[in-house]
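Coordinate-derived values only; no laboratory data. For clarity, every value in this text was computed on a predicted model and none was experimentally measured. When we count neighbours, we look across all protein chains shown, and the Cβ atoms used for this are built from the backbone with ideal geometry, even at glycine.
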There are 2 protein chains.
Amino acid sequence: MFELLSTQGRARRGVFTCPHGAAQTPVFMNVGTQGAIKGAVSAPDLKELGCQIELSNTYHLHLRPGDEVIRQLGGLHRFMGWDGPILTDSGGFQVFSLAGLRDIREEGVTFASHIDGHRVFMGPEESMTIQSNLGSDVAMAFDECVENPSTYEYVKSSCERTLRWLERCKVRHDALNAQPDCVNPGQQLFGINQGGIYPDLRVWHMEEIAKLDCDGYAIGGLAVGEPTQTMYDIIDAVEPHMPPDKPRYLMGVGTPGNILEAVWRGVDFFDCVMPARNARHGKLYTWGGWINLKNEQYKLDDRPIDPACDCPVCRRFSRAYLRHLLVAGEMLAMRLAVMHNLYFYNALLSRVRDALDRGEFDAFRREYAQKLDGKLAE
Amino acid sequence: MFELLSTQGRARRGVFTCPHGAAQTPVFMNVGTQGAIKGAVSAPDLKELGCQIELSNTYHLHLRPGDEVIRQLGGLHRFMGWDGPILTDSGGFQVFSLAGLRDIREEGVTFASHIDGHRVFMGPEESMTIQSNLGSDVAMAFDECVENPSTYEYVKSSCERTLRWLERCKVRHDALNAQPDCVNPGQQLFGINQGGIYPDLRVWHMEEIAKLDCDGYAIGGLAVGEPTQTMYDIIDAVEPHMPPDKPRYLMGVGTPGNILEAVWRGVDFFDCVMPARNARHGKLYTWGGWINLKNEQYKLDDRPIDPACDCPVCRRFSRAYLRHLLVAGEMLAMRLAVMHNLYFYNALLSRVRDALDRGEFDAFRREYAQKLDGKLAE
């Protein structure tokens, strides 16, 4: 369920509700691909980082440990120790980005596991069954994520098929929720808009999937090779055709600046591996821009990563200490850096919501969109 | 300062006091070699694990980030965020086990850094200066740790030199503590007994270093190649010659069973990398013996690692989840497994102290020494 509290231009302030609680939107979802957050961060740790929704992955969990295993253990919430909302990606993106030797047909995709190469078949029904076994609060529809650029003809036939797949997802999803032993019978289903970088395909596809009355809608297939301005243009084209009473999720995006620009264009949900990946390479966010903590200049720097940050890392440790851990190859560096960056992203969205509540989001976006994507001037 | 509260046979129950607080003994010290605990565990996390004393390493911290850096940042306590007692190893053991191309002379040792091969000189005075810069609560004397077996002649001349080095350590240590800008002027100095596997050398050396009135005494050079029974025999030989009013530290030992047997022989302090290293390979301790969590049998096991354990990991996560993390190569597996094993070691010593307080330590040792070193029968 989604309640729209207020708008500023196209930007939206809302509340999303699902079986495991509510999330204030706009919201950034923290990624725990395999049921754990990269960098030795646990689900209970996420609470301390201000996380509202955790995101895990159908493809990975199906391959290892197996969704049937997780179902037998009571579902993903219990398995990983997270009692808040969980959204599961459908596996579509990973099948097309990670797996090998794909064979795409109308019924679904046969692919080779990236772990051991064994052949796996996944179609709309399989993806829905896996996500039902995991017991997530939001299941994502099984789609084909086409890389940019692809030909108009290919994208057209692909998103026509993705529409047919969504119809099949919906049938199976409803049937699974109705089963008496369903792990999470209140699970919602979000449809995914595709259409590459072709505005007419995007709009046509969005209009078609909107008719299917999903619980929410995602824009997929962006941030996969196209220029940033093209991404914004596609959001501009699609957004007017998204149902205003349903949450909107821009998949896999992005930098702090990208998020502010997408909120400005009417998006409510985000996820991205970037803050954790950057952290592991020593790129840490501050409210004045990012820093590369590996730099020699931080060797004797007794300040926290960001003196304006009140995260568990900034409250306790200095740049000098974290730099030492990074340079020395200590695993603790990964944990502390990831914790800081995830906290920063969650805090960014919290400040976005505050700005929307005060009707000052445009000024906030103008102040921070470029600054946060740039290097801190020191 | 050391207060002996009670004894049972040769086993001792005491309280050790230093500038950053008191520790109940017998005590297990948790190892943070480079100023961080392996497995993404932070110093503040150690509090939750029942740790009383943290141990860091002179050799590693001198090479990286440099003890002068840590001194400028206010000392090791502030650097790593630990306000409890810290003991620093002298670097002697690492110079002889990690570094390359050693040249041992009366003045000290020249060696090649294991990081980049650059030549470094360390003698008694350098080790004392580094440990003073780190500001630990207990500095260990600089010694030569001879591998077992070595010839009687070599061990004899080596431990004669180690005695001369201790005399030099003491002079320098007193001078450093007296300097007005000393990081931790209450730093204590422990001497280290050597002598290989030769009881007469061990006893002679112990009698000589006891005359120097150090704040505590360690038995070094054990668990470096000799049979376990030999280790116990050496402790039996040396212990009667250790001053009863000073704490006794058996360096780098060992399994739970080794620790129980050494407590029974009059030892107060322990440290070992084994619980963290075993954890990283999936070998986890329970009160019924260890388990190998990688085994297929735990795939659907919903129980905690040890149902009798109340550590932060056992309170939240199942064997099945931890096994999944291990098999999937998630860094979180390392953290959770290390946390459990460190908690177990700290809890083991807590139960040792309780048993001593009740005068029932011998029964406790008989019940657990073999069981804990064996595999859990399931």
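A compact table of results
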{"item": "For A:ALA218, residues with placed amide H under 5 Å, excluding near neighbours", "result": "A:GLY191, A:ILE192, A:ASN193, A:TYR249"}
{"item": "Listed residue (A:SER113, A:GLN370, A:HIS20) projecting farthest to the positive dipole end of chain A, Cβ model", "result": "A:GLN370"}
{"item": "7 Å along Cα→Cβ, label-point gaps from B:ARG164 to other copies, nm, shortest first", "result": "8.9"}
{"item": "Listed pairs A:LYS156/A:LYS283; A:LYS299/B:LYS170; A:LYS299/B:LYS47; B:LYS246/B:LYS375 exceeding 30 Å between Cα atoms", "result": "A:LYS156/A:LYS283; A:LYS299/B:LYS170; B:LYS246/B:LYS375"}
{"item": "Dipole axis of chain B (+1 Lys, Arg; -1 Asp, Glu on Cβ), positive-most option in B:ILE305, B:GLN34, B:SER318", "result": "B:SER318"}
{"item": "Copies compared at A:GLN72 - label distances in nm, ascending, label defined 7 Å from Cα in the Cβ direction", "result": "5.8"}
{"item": "Per-residue Cβ neighbour rank within 10 angstrom, fewest leading, B:ASP302, A:ASP137", "result": "B:ASP302, A:ASP137"}
{"item": "Within a Gaussian network of chain B (alpha carbon springs, distance under 10 Å), most fluctuating of B:HIS114, B:HIS20, B:HIS77", "result": "B:HIS114"}
{"item": "Approximate spin-label separation B:VAL171-B:GLU48, in nm, with each point projected 7 Å along Cα-to-Cβ", "result": "4.9"}
{"item": "Kyte-Doolittle at least 0.0, axis length at least 24 Å by Cα - qualifying DSSP helices, chain B", "result": "B:331-357"}
{"item": "Dipole in debye (nearest 20) - the protein assembly as shown, about Cα centre, beta carbon charges: Lys, Arg +1; Asp, Glu -1", "result": "60"}
{"item": "Ascending list, in nanometres, of distances separating the B:ASP181 label from those of the other copies (7 Å, Cα toward Cβ)", "result": "7.3"}
{"item": "Charge dipole (region A:234-364, unit charges on Cβ, about Cα centre) - positive-most of A:ALA328, A:PRO275, A:TYR343", "result": "A:ALA328"}
{"item": "For the protein assembly as shown, share of DSSP beta bridges that run antiparallel, in % to the nearest 5", "result": "45"}
{"item": "Estimated FRET transfer efficiency when R0 is 51 angstrom, pair B:VAL120-B:ALA22 (beta carbons, to 0.05)", "result": "0.90"}
{"item": "Rotational relation B to A, axis-closest Cβ in chain B, residue and distance rounded to whole Å", "result": "B:ALA40, 2"}
{"item": "Alpha-carbon centroid distance for the pair region A:35-87 / region B:312-342, whole angstrom", "result": "13"}
{"item": "Förster radius 22 Å - calculated FRET efficiency between B:CYS182 and B:GLN72, Cβ distance, rounded to 0.05", "result": "0.95"}
{"item": "Per-residue ³J(HN,Hα) for region B:70-77, Karplus 6.51 cos²θ - 1.76 cosθ + 1.60, θ = phi - 60°, Hz, x for Gly and Pro", "result": "5, 4, 5, 8, x, x, 5, 4"}
{"item": "Loop-located GluC sites (Glu not before Pro) in region B:89-189 whose Cβ has at most 11 other Cβ within 10 Å (DSSP)", "result": "B:GLU106"}
{"item": "Taking chain B and dividing mean pair separation by its residue count, relative contact order in percent (alpha carbons under 8 Å, at least six apart)", "result": "17"}
{"item": "Residue of A:VAL146, A:VAL327, A:VAL263 that the Gaussian network model of chain A assigns the largest fluctuation, springs spanning Cα pairs under 10 Å", "result": "A:VAL327"}
{"item": "Sequence-separation-based contact order of region B:88-129, relative, with Cα cut under 8 Å and 6+ spacing, percent", "result": "30"}
{"item": "Dipole magnitude of chain B about its Cα centre (Cβ charges: Lys, Arg +1; Asp, Glu -1), debye to nearest 20", "result": "1100"}
{"item": "Amide proton proximity set for A:ASP271, modelled H, under 5 Å, gap of 5+", "result": "A:MET29, A:GLY252, A:VAL253"}
{"item": "Compactness of the protein assembly as shown - radius of gyration and Dmax, Cα, Å", "result": "30.0, 91"}
{"item": "Residue-by-residue Karplus 3J(HN,Hα) for region B:106-114, coefficients 6.51, -1.76, 1.60, Hz, glycine and proline x", "result": "4, 6, x, 10, 9, 8, 9, 3, 6"}
{"item": "Local electrostatic count, B:TYR152, Cβ distance below 13 Å [Lys/Arg +1, Asp/Glu -1]", "result": "-1"}
{"item": "Given charges at beta-carbon only (K, R positive; D, E negative), |dipole| of region A:332-371 in Debye", "result": "160"}
{"item": "Calculated [θ] (222 nm, deg cm²/dmol) that DSSP helices of n ≥ 4 give over chain B, each run adding -39,500 (n - 2.57)", "result": "-12500 deg cm²/dmol"}
{"item": "Choice from A:LEU284, A:LEU201, A:LEU101 with maximal GNM fluctuation in chain A (Cα, 10 Å cutoff)", "result": "A:LEU101"}
{"item": "At most 11 other Cβ within 10 Å, DSSP loop - trypsin sites (Lys or Arg not before Pro), region B:303-366", "result": "B:ARG315, B:ARG358"}
{"item": "HN-Hα J in Hz across region B:88-104 - Karplus 6.51, -1.76, 1.60, θ = phi - 60°, x for Gly and Pro", "result": "10, 6, 7, x, x, 4, 6, 4, 8, 10, 10, 6, x, 6, 7, 10, 9"}
